[in-house]
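Participant: What follows is a structure written as C-alpha cells; I'll ask about it next.
All of the numbers you see were taken from the coordinates with simple rules; none came from a lab. Given the structure is predicted, the values throughout are model-derived calculations rather than measurements. Cβ placement follows ideal geometry from the backbone for every residue including glycine, while neighbour counts extend to all protein chains displayed.
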Amino acid sequence: MLTLHSLTLDHVAGVDHAHLELPDSGVVVIHGPNEMGKTTLLTAFGLLLSEVGVNSKAAKIKALKSATEDVATTVSADMTVAGHRLTILKSFNKSSGRCELTVTSPRRENLTGRQAAERFAELLSEGVDTRLIDALTIRQGASLDILAATGIPSLEQALGGDSPADAEASGAAAGTGTADGAGALIGRITEEYLRYFTPGGRPSRELKAVTDALAAAEAEHDAATGRYTQAQNLISELEQLTAEKADVAKQEPVAAEAAVEAEKTLAEGRAAVAELDGLRRTVTAAAGVRDLADQRARARADRVSALADAEKAVAALTVEVQEAEKAAEQEEQTTGDLGKRRSAARRRSRVATAWAARVEALSRRQDAGTRVTDLADRIARATGIADEVRELKRSVDDNPVTDKVLASLRSADAALRQAVTVRDAVATTVEVAGPADGTVTVDREPRDLVGGSATVHVTGRQEIGLGDWTVTVTPARDVSEVSEDVTRARAELDRLLAAAGVEDLTAAEDAAAARQDAAEKHREAVLRLTQVTGTGTVDDLRTHHERAAAEVEEFGTRADEALQRIRDEDPEGTVALSGVPGADTGDEITVTAAELTDEADAALREAERIQEDITRVTRAGAAVRLEGRKTELER
C-alpha cells in the first residue's frame, strides 16, 4: 500500500517550484486553468516511481527539463510504502543526477545513489501494485473506450475471480481477447454490485437483511453486556452482605448479655429520674419568686442610670456633631477638587486617543497614497509592455518561417543542388553561342543567351531552335530520369518557398532570423512585464490600485471622524498636547500615534489615581458620620 503525504517539484516542465500537501485520507481535487501544471504533477509523480536513472538522457527526461535554464529537474515526495515511512528525492541531470532515500520507520535508513534507487524499487515491489495504479490513472488525451483494469491480480481476486494464470488459460481456451476479458470483468463488477444494491441504487434485500441482523445483534450485545454488568454488581454486593452477616452472627452472644445488663441499669435510672424531677420542681418554684424580685430592682436601677447616661451622651454628641460638620465640609471641598482633576484627566485621555487615531489614519492614508502613485506608474509601464508583448507575439505568429520550415527549405535546396550535380555529371553538354541579346529555344521554350552563350544539359532527345533552324540532339544513353529528379526537386523547393511566402532561401533565412529575433524580444518583454506585475497581471495591478484608492478615502474619513471627536471633546482647545497643533490651525503634527497613545494611557492612569484618592477621601465617611451623629442626637 502506498500513501502519499507530500509532493515537491523543482524545475519540472516550466514549473519552477511547486509543493503539494496531502491528507492521510479522503479525496484531493487539484483544479485550475489550463497550462498551470496540473498534469505535470501526475507526470512528475510517475517519473519518481519509475526506474529511470537520474543520469538518463531519455526523451521523457529532456521533455521535462527547463528550456531557458541549465538546472536539474528535481522531484521529491514524503510517503508511506509497505509500512515504511520515507522521503525519496530524485534530481535528474545528464551528468550530475542524484538520488536520496531517508527511511524514518520502522527503522532508520539513509541511502544515496544507486543503493537508494534499488532500495526504493524494492519497497515499491513489496507494497505497491503498479498495474493497479496504471489502471486507476487516466491521462489527458487517452481513450476512455479501453478498460485498463483487466488482468490485474489484486482486482481480479477482490472480485472473487480466478487467478491471473487461470483467467489467461480459460481465455486462451475459449479464444477470447482483451475485449472479452474486459467484458467479463465488468460483468463480475456489475454482478457484485447488484448483489448489494438495486439498479436504482437502493440496498438489496440481502444487504438490508444483513444490515438489520447486524443492528439487532448489536442491540442484543448491548443488552447482554448491561445484564452481565448488573449481575457482577449484585454478586459483589451479595458477597459483602454475606461477610457482614457473618460478623454480626459472631457478635450476637455478647450483645445479648449486654442487653440484660442494660435493662437493669435502665430500671434503676428511671427510679432516680423520678426522684430528681420532684426536687427540681421545688427548686424551680423558689427560684421564680427570687427572679421576679431581682427583675423589679434592676429595672428601677436601669432607669436611673439610663437617664444620667442620656444626659452625658447628649452633651458628647453635640460636640461630635459640630466636629463632623467641619469634617464633612472639608471632605466635600476635597472631593470636588479631585473630581475636577479627574474629569480633566479623562478628557485629556479622550482627546489624546482621538489625536492618535487621526495621526494613525493620516499616516496610513499617506502610505496608501504612495501605493496609489506607485501602482499607477506600474500600471502605465505594464500596459505599455503588454502592448509590446502582444505586438511581438503577433510578429512571431505572422512569420511562418520557423526553424522547422527553414530546415525543410535547406534540405530541399540541398536536394536540388545534388540533383543538378548528378544531372550535369551524366548529361550531354551542348554549348550554344550567339549575340549577347539573342535567344534560342529548347524544346520550344525560349532561353536567353546570357553573355552571348547558353549551356544546355541534354539527358534525352531534345530540340534546340536557332532562328529558322532546329537541331535535334539525341545522347548516346537516355538519362532523362535525372532531369525529372531535378524537376521534382525544383518543384518541391518552389512549393516550400511559396508556403513560407519567400522568394528564395536567402529570404527565408532572413525571415527565420527576424522571427527568432522577434521571439527573443518577446521573451525579454515578458520578463520585463513580469518584473513590473510580479506574479499577477495588469488587471491585478488595477485591482490593487482600486483597493489602495479606497484605503485613501477610508483613512481620510477616519481622520475626519477623529478630528470631529477632538472638536466635540475640546471645543475651546484647552487641552494642550506636545507636538499637536490646534484642531483647526492646519499646522504640521510632529508627534507619532504611539506617543499620543502613551499620552492617553498616562492621562487615563492619572484619572485612575485621582479616583483612588476620591475613594480614599470618601471612605473616611465624614458626611455619613455627620448624619449618623445627628440621627443619634435626635433620638
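Participant: Mind giving me the FRET efficiency for Asp510 and Glu51? R0 is 41 Å, r the Cβ-Cβ distance, nearest 0.05 is fine. Let's see the in-between values first.
Facilitator: Working: r = 48 Å, r/R0 = 1.17.
Calculated value: 0.30.
Participant: In addition: Taking Cα atoms, how many degrees apart are the long axis of helix 505-533 and the longest axis of the chain, rounded to 10 and kept between 0 and 90?
Facilitator: 10 degrees
Participant: Taking neighbour counts of Cβ atoms within 10 Å as a proxy for exposure, in what order, fewest first, do Val440, Val430 appear?
Facilitator: Ranking Val440, Val430 by Cβ neighbours within 10 Å, fewest first, gives Val430, Val440.
Participant: Right, next: Where a Cα-Cα gap under 29 Å defines reach, which lysines qualify for Lys264, not counting those fewer than 8 residues away within the same chain?
Facilitator: Lys245, Lys250
Participant: Which value in deg cm²/dmol, rounded to the nearest 500, describes the helix-derived mean residue ellipticity at 222 nm for the chain, given -39,500 (n - 2.57) per DSSP H run of n ≥ 4 and division by the residue count?
Facilitator: Using -39500 (n - 2.57) per qualifying helix, the result is -23500 deg cm²/dmol.
Participant: Here's another thing I want to ask about it. Of all trypsin sites (Lys or Arg not before Pro) in segment 196-273, which ones are in loop regions per DSSP and have a Cβ with at most 10 other Cβ atoms within 10 Å? Present the calculation step by step, with values, prior to reporting the outcome.
Facilitator: On the way: sites: Arg205, Lys208, Arg227, Lys245, Lys250, Lys264, Arg270; in loops: none.
When the trypsin sites (Lys or Arg not before Pro) of segment 196-273 are filtered for loop state and at most 10 Cβ neighbours within 10 Å, nothing remains.
Participant: What are the ³J(HN,Hα) couplings of segment 114-130, residue after residue, when phi is run through the Karplus curve with 6.51, -1.76, 1.60 and θ = phi - 60°? Round to Hz, x for glycine and proline.
Facilitator: For segment 114-130, the Karplus-derived couplings read 5, 4, 5, 5, 5, 5, 5, 4, 5, 5, 5, 5, 6, x, 10, 8, 5 Hz, x marking Gly and Pro.
Participant: By the gyration tensor of its Cα atoms, with a ≥ b ≥ c the square roots of the eigenvalues, what is the shape of segment 72-135: rounded for a/c under 1.5, prolate for a/b over b/c, or oblate?
Facilitator: Oblate shape, in that a/c is at least 1.5 and b/c is the bigger or equal ratio.
Participant: Let me ask something else about it. Given Val473, Phe197, Asn110, which one lies farthest toward the positive end of the charge dipole of the chain, if we put +1 on the Cβ of every Lys and Arg and -1 on the Cβ of every Asp and Glu?
Facilitator: Farthest towards the positive pole: Asn110.
Participant: Which of rounded, prolate or oblate describes segment 2-128 when judged by the alpha-carbon gyration tensor and an a/c cut-off of 1.5? The partial results should precede the final answer.
Facilitator: Numbers: a/c = 2.13, a/b = 1.17, b/c = 1.82.
Here segment 2-128 falls in the oblate category.
Participant: So, one more: Based on the alpha-carbon gyration tensor of segment 217-306 and its eigenvalue square roots a ≥ b ≥ c, which shape applies: rounded if a/c is under 1.5, prolate if not and a/b is larger than b/c, or oblate?
Facilitator: Oblate.
Participant: Here is a further query. Among 570-578, 443-451, how do they line up by average Cβ neighbours within 10 Å per residue, starting with the highest?
Facilitator: Descending mean neighbour count gives 570-578, 443-451.
Participant: Assuming 1.002 mPa s and 20 °C, estimate D for segment 447-601 with Stokes-Einstein, Rh taken as the Kirkwood radius over Cα pairs, in µm²/s.
Facilitator: Working: Rh = 26.0 Å.
Here the translational diffusion coefficient equals 82 µm²/s.
Participant: Whole Å is fine, so just give me how far the alpha carbon centre of segment 193-245 lies from that of segment 547-574.
Facilitator: Spelled out, the Cα-based centre of one part sits 71 Å from the other.
Participant: Right, next: May I ask you to compute the full-extension gain from Ile589 to Glu268, defined as 0.36 nm times their residue separation minus their alpha-carbon distance, rounded to one decimal in nm?
Facilitator: This chain segment gains 105.0 nm when fully extended.
Participant: Right, here's the next one. If you add up the charges near Ala454, with Lys and Arg at +1 and Asp and Glu at -1, over every other residue whose beta carbon is less than 13 angstrom from its beta carbon, what do you get? Present the calculation step by step, with values, prior to reporting the outcome.
Facilitator: Details: positive: Arg447; negative: Glu431, Asp437, Glu445, Asp448.
Around Ala454, the charge tally is -3.
Participant: Can you tell me the orientation of helix 178-196 relative to the chain, as the angle in degrees between its alpha-carbon axis and the longest Cα principal axis, to the nearest 10?
Facilitator: 20 degrees
Participant: Roughly what % antiparallel, to the nearest 5, for the DSSP beta bridges in the chain?
Facilitator: 100 percent
Participant: So which of Lys60/Lys94; Lys393/Lys521; Lys94/Lys404; Lys60/Lys90; Lys60/Lys521 end up more than 20 Å apart by C-alpha? Mind showing how you got there, number by number?
Facilitator: Values: Lys60/Lys94 13 Å; Lys393/Lys521 9 Å; Lys94/Lys404 26 Å; Lys60/Lys90 15 Å; Lys60/Lys521 29 Å.
Result: Lys94/Lys404; Lys60/Lys521 exceed 20 Å.
Participant: Here is a follow-up. Give, in nm to one decimal, the length gained when the segment between Ser363 and Arg195 is fully stretched (0.36 nm per residue of separation minus the Cα-Cα distance).
Facilitator: Extra length from Ser363 to Arg195 when fully extended: 53.2 nm.
Participant: Which whole-angstrom value gives the distance between the alpha carbon centres of segment 61-111 and segment 376-414?
Facilitator: With segment 61-111 and segment 376-414 each reduced to a Cα centre, they are spaced 37 Å.
Participant: Using only alpha carbon positions, build the gyration tensor of segment 328-388, then give the equivalent ellipsoid semi-axes as the square roots of 5 times its eigenvalues, largest first, whole angstrom. Don't jump to the answer; show the numbers that get you there.
Facilitator: Values: eigenvalues 679, 4, 3 Å².
Sorted largest first and rounded, they come to 58, 4, 4 Å.
Participant: Which ³J(HN,Hα) values, rounded to whole Hz and listed in residue order, are derived for segment 32-38 from phi using the Karplus coefficients 6.51, -1.76 and 1.60 in 6.51 cos²θ - 1.76 cosθ + 1.60 with θ = phi - 60°, glycine and proline given as x?
Facilitator: x, x, 5, 6, 10, x, 5
Participant: With just the Cα atoms of the chain, tell me how far they stretch along each of the three principal axes, in Å, largest first.
Facilitator: Reported extents, whole Å, longest axis first: 189, 97, 52.
Participant: Counting other C-beta atoms within 10 Å, which of Phe92, Phe45, Phe120 has the fewest, and how do the rest follow?
Facilitator: Details: Phe92 27, Phe45 19, Phe120 23.
In increasing order of surrounding Cβ atoms, one gets Phe45, Phe120, Phe92.
Participant: Among the aspartates and glutamates, which fall within straight-line cross-link reach of Lys312, defined as a Cα-Cα distance under 16 Å, with same-chain neighbours fewer than 8 residues apart omitted?
Facilitator: Within the straight-line cut-off, Lys312 pairs with Asp302, Glu320, Glu632, Glu634.
Participant: From the phi of every residue in segment 102-112, what ³J(HN,Hα) in whole Hz does the Karplus formula 6.51 cos²θ - 1.76 cosθ + 1.60 yield, where θ is phi - 60° and glycine or proline is x?
Facilitator: Karplus-based 3J(HN,Hα) across segment 102-112 equals 10, 9, 9, 7, x, 9, 7, 9, 10, 10, 9 Hz.
Participant: Using only Cα atoms, find the angle between the long axis of helix 622-634 and the longest principal axis of the chain, and express it within 0 to 90 degrees, rounded to the nearest 10.
Facilitator: Computed tilt is about 30 degrees.
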